[in-house]
Every structure is written in C-alpha cells, then in structure tokens.
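Structure, as structure tokens:
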Amino acid sequence: MRVAIELQLLAVAVVLGLIHLVWASVAAQPQRGLKWNVGPRDTPVVLTGMAGRLGRASANFRETFPLFAAAVLVVYLAGRIGSLSAHGALVYVVARAVYLPLYAFGVPVVRSLVWVVSMIGLGMVLVAMVV
C-alpha cells in the first residue's frame, strides 16, 4: 500500500521538528550549563546569539506544526488529497527546512519571506479541503 505524499511530508516535518529540538538544545548547552539542564530550571536563562535564535525558531515551528499536521490529517481523512494538498505540504516542509538555517544565522527579511511561503503552503493544504 502506497502512503500518501502528504503523510510522508508530515513525517518529514516531524523529523524537522526533532532537528529543531536537538540543534536548539545543543546550542543552548554552553549558555545554560549542565547544572541548569539537570536541575529544576526554576531560574530562566535568557539565551543570546545563535542559541537564542534557534530557541525562537523552534518555538515558531511548534506554533505552526500542529496546524500543518491537523490540516494534512483532515485532508487525508476526508479523502481530499490531490495535487493541491501535495504541493502545499511540500511547500510548507521545504520552506520550514529553509527557515531554520536562515533564522539560526540571523538572516533578516528573507527569513520572514520564507515563513510567509510556508504559510502559503499550509493554506494550499487547507484550500484542498474545499475545492
């Protein structure tokens, strides 16, 4: 049985989320230290530089990923998958993958435009539900 491309891209997005998590955690380690990581984390540590940007990029991904996952699952379960939903899912995942290094390395403007592109991809998946 062939798995729908939308579901495959959802799985790729999960892997991208794990990359966000690991990269942000590794980058934050030198600023937070082992004592903070294994402790109760009662005192917040404000991350700076790349560690801060990766933390914010990860938070941004966690804001949009549930919406993407829900959209893909709804379109799939409703039997509305097709070219529009497949292309929309691909646009979302590729844009989110490009967004991460742009944010990590502090590239302004382009990063925001790439975010908009990812939202267009998400919108395409949603539109597939009604067309």
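Residue by residue through segment 96-131, note down the ones that are assigned to a helix (DSSP H, G or I), free of Cβ contacts under 8 Å to residues at least 12 places away in the same chain and not aliphatic (A, V, I, L, M). So that I can check it myself, show each step before the final result.
Let us first name the residues in segment 96-131 that are assigned to a helix (DSSP H, G or I), namely 96-104, 110-128.
In the following step, the residues that additionally are free of Cβ contacts under 8 Å to residues at least 12 places away in the same chain were identified as 101, 110, 112-113, 116.
Residues satisfying the conditions are Pro101, Ser112.
Of the conditions (1) of a type in the set (Gly, Ala, Ser); (2) more than 16 Å from Gly17 (Cβ to Cβ); (3) surrounded by 13 or more Cβ atoms within 10 Å (Cβ to Cβ), Ala104 clears all except one; give me its number.
The failed condition is (2).
Can you tell which of Val45, Val14, Val26, Val22 is free of Cβ contacts under 8 Å to residues at least 60 places away in the same chain and not in a helix (DSSP H, G or I)? Full working, then the answer.
Values: Val14 fails: not in a helix (DSSP H, G or I); Val26 fails: not in a helix (DSSP H, G or I); Val22 fails: not in a helix (DSSP H, G or I).
Being free of Cβ contacts under 8 Å to residues at least 60 places away in the same chain and not in a helix (DSSP H, G or I) holds for just one of Val45, Val14, Val26, Val22, which is Val45.
So how many residues does segment 75-92 have that are in contact with an Asp or Glu (Cβ under 9 Å, 6 or more places away or on another chain), in a helix (DSSP H, G or I) and under 13 Å from Met129 (Cβ atoms)?
5
Do we find a residue being at pLDDT 95 or above, under 22 Å from Trp115 (Cα atoms), within 19 Å of the chain's Cα centre (by Cα) and surrounded by fewer than 16 Cβ atoms within 10 Å (Cβ to Cβ) anywhere in segment 74-85?
No, segment 74-85 contains no residue that is at pLDDT 95 or above, under 22 Å from Trp115 (Cα atoms), within 19 Å of the chain's Cα centre (by Cα) and surrounded by fewer than 16 Cβ atoms within 10 Å (Cβ to Cβ).
The values are calculated or read from the model by the stated rules, or taken from the named source; none is laboratory data. Since we're looking at a predicted model, the values are computed, not measured. Every residue, glycine among them, receives a Cβ derived from its backbone with ideal geometry; neighbour counts consider all protein chains shown.
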